[in-house]
There are 2 protein chains.
Amino acid sequence: MKKNVLIIGAGGVAQVVAHKCAQHNDILGDLHIASRTRAKCDAIIASVHEKGAMKVPGTFQAHAVNAMDTAAVADLIRQTGVQIVINVGSAFVNKYVLDACIETGVAYIDTAIHEEPDRICEAPPWYGNYEWKKRDLCAEKGVTAILGAGFDPGVVNAYVRFAADEYLDSVTSVDIVDINAGSHGKYFATNFDPEINFREFTGTVYSWQGGKWQENKMFEVGREWDLPVVGKQKAYLSGHDEVHSLSANYPDADIRFWMGFGDHYINVFTVLKNLGLLSEQPVKTAEGQEVIPLKVVKAVLPDPASLAPGYTGKTCIGDFVKGTKDGKEAEVFVYNVADHKEAYEEVGSQGISYTAGVPPVAAALLIAQGTWDVKKMANVEELPARPFLELLGRIGLPSRVVTPEGEDKPI
Amino acid sequence: MKKNVLIIGAGGVAQVVAHKCAQHNDILGDLHIASRTRAKCDAIIASVHEKGAMKVPGTFQAHAVNAMDTAAVADLIRQTGVQIVINVGSAFVNKYVLDACIETGVAYIDTAIHEEPDRICEAPPWYGNYEWKKRDLCAEKGVTAILGAGFDPGVVNAYVRFAADEYLDSVTSVDIVDINAGSHGKYFATNFDPEINFREFTGTVYSWQGGKWQENKMFEVGREWDLPVVGKQKAYLSGHDEVHSLSANYPDADIRFWMGFGDHYINVFTVLKNLGLLSEQPVKTAEGQEVIPLKVVKAVLPDPASLAPGYTGKTCIGDFVKGTKDGKEAEVFVYNVADHKEAYEEVGSQGISYTAGVPPVAAALLIAQGTWDVKKMANVEELPARPFLELLGRIGLPSRVVTPEGEDKPI
């Protein structure tokens with residue numbers, strides 16, 4: 001039984017994680033949050049108290065830390081006595097926070113693959129470049145490290161495991177479809193860190209098909225999907241973390257990720273990309289200043305957290321999982337629908353942050369309760385799916401399944 | 001009789017100015033060119049010699065100077081013994097170079113209004129903010145300062161004076177139309193310094209109508225024009241320097257400037273502007289670096305000079321001048337057609353640089369010969385137009401006029 005949680009990061013997702021941890025502090029114990037800017041942590045804690053989110057009286061403390069300084073993070077872990085770290089900082093800090101958890105022997109949870117600032121879309125599988133290199137060390141030291149435990153990656157990985165466990169004998173293909181049919185009312189904004197968002201789309205789109213990596217460009221392959229609640233939506237084959245672990249765990253299945261985009265998003269993206277403004281490589285201005293264009297684009301775009309108050313509409317994220325059952329072809333669709341306004345009313349965040357922030361708290365609760373305290377490194381599809389999905393349903397992210405027989409029912 | 005010329009600046013327009021000065025160094029005497037980066041000046045002089053452009057054997061020297069340092073520019077003027085300065089540096093340096101010419105008593109020519117880096121589209125008339133404040137001083141010291149002597153402003157101002165001198169008793173409206181029907185083959189590029197280019201379009205569009213300033217937004221007012229050679233083209237009411245002097249010299253006439261834009265340009269511009277990437281005000285990145293977005297956009301766009309080798313097609317810039325003649329309404333259209341490829345073959349520059357760079361050399365020749373050595377500050381429409389337009393025709397920029405009777409003939 002582990003308890004006491006340190007949240008790394010203070011963006012939109014961290015806001016959700018903080019509220020959800022507070023709502024379950026009877027189980028999770030003392031809460032701490034740390035980021036480069038302590039004032040951001042203070043603001044999040046203030047919003048938690050404003051909503052009266054703490055289930056029982058308890059500790060919630062803010063700290064300043066440079067999360068790329070492993071020793072500083074390890075010191076903070078020791079000093080606060082936490083046994084679980086939920087890392088929802090920038091993807092650039094992941095490997096340093098993971099190292100701090102391994103060093104101190106505490107559980108680690110993140111929601112995205114580590115990235116190096118000056119590299120995009122490295123060789124697949126992406127987990128092999130940083131995280132999986134620490135797999136043996138985690139097993140040796142008995143450290144629980146749950147990788148990619150947001151919604152996608154995260155819940156969508158559990159959907160595959162759930163479909164395989166309960167409906168299929170074998171899996172032949174997985175199509176993960178992520179549609180945000182909400183509206184933020186701004187000219188243009190990304191739903192999470194613009195830097196990370198655009199980095200996903202500027203490089204090669206990797207999918208796993210026919211037992212090998214297939215390479216495409218962004219917006220090269222598009223397809224209309226008909227989904228519950230949000231209806232018919234166009235989505236494009238995109239690169240995404242979960243493809244890189246699901247392809248290792250289900251090597252015989254085709255694994256594809258599809259992200260929905262409107263024409264306006266594609267136009268803005270195309271202009272910025274073609275001009276070179278999404279580059280992670282520095283350019284020099286006429287005055288001799290070295291600047292990374294993508295960081296300037298990030299600076300002028302709305303802070304994703306600022307979108308929350310006016311955001312309306314729904315998201316639908318789900319997995320079409322095909323395979324065989326009793327020798328016949330069968331298909332299962334597992335999905336969640338979330339509402340931007342409801343998310344804002346509950347935790348002060350928009351729906352994309354909500355769907356990303358609730359799952360790592362569910363993971364923390366499962367570690368605290370022992371169910372997922374596996375004392376090794378694991379991707380979500382390697383862990384029991386039903387307890388995770390049922391718990392998510394109870395704490396705000398209910399999933400449903402359309403069975404091979406066509407019945408649409410809650411999990 | 002003045003001679004010996006110093007060119008300030010080393011961009012695409014300076015390249016044209018250098019070649020044209022060299023072609024007339026029998027009249028202009030010693031030539032000098034100075035910019036922040038001396039290597040750029042060396043490259044221009046090398047291209048002059050490569051084309052064998054020097055009419056007679058003579059001096060052409062490169063210098064490094066910070067053109068925003070009036071004392072340094074004045075020192076260079078004294079040291080080189082020049083009597084004419086052609087300033088085609090950034091619009092940010094104009095007032096400093098003008099001051100250096102006043103201090104040393106030499107003739108000054110520029111092609112654009114002075115701008116302060118952190119301000120766009122100041123109160124009209126723009127010339128009143130910086131240049132015209134030195135009008136009395138120039139008259140007092142007998143300094144010839146020709147403002148805005150490029151194509152637009154410049155030749156288009158002379159077109160108004162020409163129409164008024166030779167065809168009209170009074171001027172009631174001037175519509176200046178600038179169409180570039182050429183193709184550079186890049187995804188996107190501006191034809192001159194992107195920073196100056198975009199700054200023209202991000203603020204208020206001032207036009208002079210009904211005896212007062214009218215304010216519009218860019219791309220708010222569009223109209224199709226049917227022009228010689230380039231045909232029917234859509235152009236938009238835009239802010240431009242010449243409106244601010246012509247309105248003072250022809251206060252009873254409506255003065256409008258129309259710039260042609262394709263849908264693709266407008267889309268890219270709209271995306272960049274709406275995102276805030278064309279702002280001249282600094283933003284701070286997440287890492288705390290202060291950056292001016294517009295300077296980063298400039299850094300990622302092609303150098304306008306680099307467009308020259310592949311540029312094809314033609315430009316048409318002309319003035320529709322309406323008024324009265326012998327009590328009846330009359331219209332004159334005065335225009336030039338230039339060819340990108342021919343410009344490149346002659347001086348190694350594209351057509352936009354060519355049309356901007358030849359006129360200030362014509363102005364320098366007219367000063368050298370005394371015709372325009374007026375020993376005061378003047379905008380181009382305040383000077384005799386016919387000698388300027390005839391000289392331009394002889395040195396590479398022939399103009400034509402469509403008379404009130406509909407005859408299309410050379411000037």
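The values are calculated or read from the model by the stated rules, or taken from the named source; none is laboratory data. Computed from a predicted model, the values in this text were never measured in an experiment. Every residue, glycine among them, receives a Cβ derived from its backbone with ideal geometry; neighbour counts consider all protein chains shown. The accessibility values were calculated without ligands, DNA or RNA, using every heavy atom of the protein model including side chains. Shrake-Rupley method; radii C 1.70, N 1.55, O 1.52, S 1.80 Å.
Some values worked out for this structure:
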| read-out | value |
| --- | --- |
| Average projected area [Cα convex hull, the stretch B:60-132], square nanometres | 5.0 nm² |
| Cα convex hull volume per residue for the stretch B:182-298 (Å³) | 132 Å³ |
| Once the Cα gyration tensor of chain A is diagonalised, semi-axes √(5λ) in Å | 29, 27, 22 |
| Size of electric dipole in the stretch B:1-134: Cβ of Lys, Arg +1 and of Asp, Glu -1, about Cα centre, debye, nearest 20 | 340 debye |
| Binned Cα-Cα distance frequencies in the protein assembly as shown - 20 Å width, integer % | 15, 37, 24, 20, 4, 0 |
| Convex hull volume of the stretch A:10-138 per residue (C-alpha atoms, cubic angstrom) | 104 Å³ |
| Calculated FRET efficiency for the pair A:GLN289/B:TYR130, C-beta based, R₀ 25 Å, to 0.05 | 0.45 |
| The stretch B:266-320 - Rg over Rh from alpha carbon coordinates, Kirkwood radius | 1.14 |
| Summed residue charge, Cβ within 13 Å of B:ALA53's Cβ, Lys/Arg positive, Asp/Glu negative | -1 |
| Value of D in µm² per second that Stokes-Einstein yields for the stretch A:113-205, Kirkwood Rh from Cα pairs, at 20 °C (1.002 mPa s) | 131 µm²/s |
| Orientation-averaged projected area, Cα convex hull of the stretch A:146-196 (nm²) | 5.4 nm² |
| The stretch A:90-163 - Rg and Dmax from Cα coordinates, angstrom | 12.7, 38 |
| The stretch A:299-411 pair-distance distribution - Cα-Cα, 10 Å bins, rounded % | 12, 35, 31, 18, 3, 0 |
| Kirkwood hydrodynamic radius of the stretch B:320-376, Cα pairs, Å | 14.2 Å |
| Neighbour cut-off at most 16 other Cβ (10 Å), DSSP loop, GluC sites (Glu not before Pro), the stretch B:316-411 | B:GLU405, B:GLU407 |
| 15 Å tail of the calculated P(r), the stretch B:184-251, as % of Cα pairs | 66 percent |
| Per-residue average of Cβ from other chains inside 10 Å of A:276-282 | 3 |
| Viscosity 0.890 mPa s, 25 °C: Kirkwood-radius Stokes-Einstein D of the stretch A:3-83 over Cα pairs, µm²/s | 199 µm²/s |
| Probe 1.4 Å, protein heavy atoms only - accessible area per residue of the protein assembly as shown in square angstrom | 37 Å² |
| Stokes-Einstein diffusion coefficient of the stretch A:273-355, Kirkwood radius over Cα pairs, 10 °C, 1.306 mPa s, in µm²/s | 95 µm²/s |
| log₁₀ of I(q)/I(0) at q = 0.11, 0.12, 0.20 Å⁻¹ - the stretch B:53-212, Debye sum with one point per alpha carbon | -0.59, -0.70, -1.41 |
| Inter-label distance for B:LYS375 and A:ASP42, nm, one decimal - labels placed 7 Å from Cα along Cα-to-Cβ | 7.0 nm |
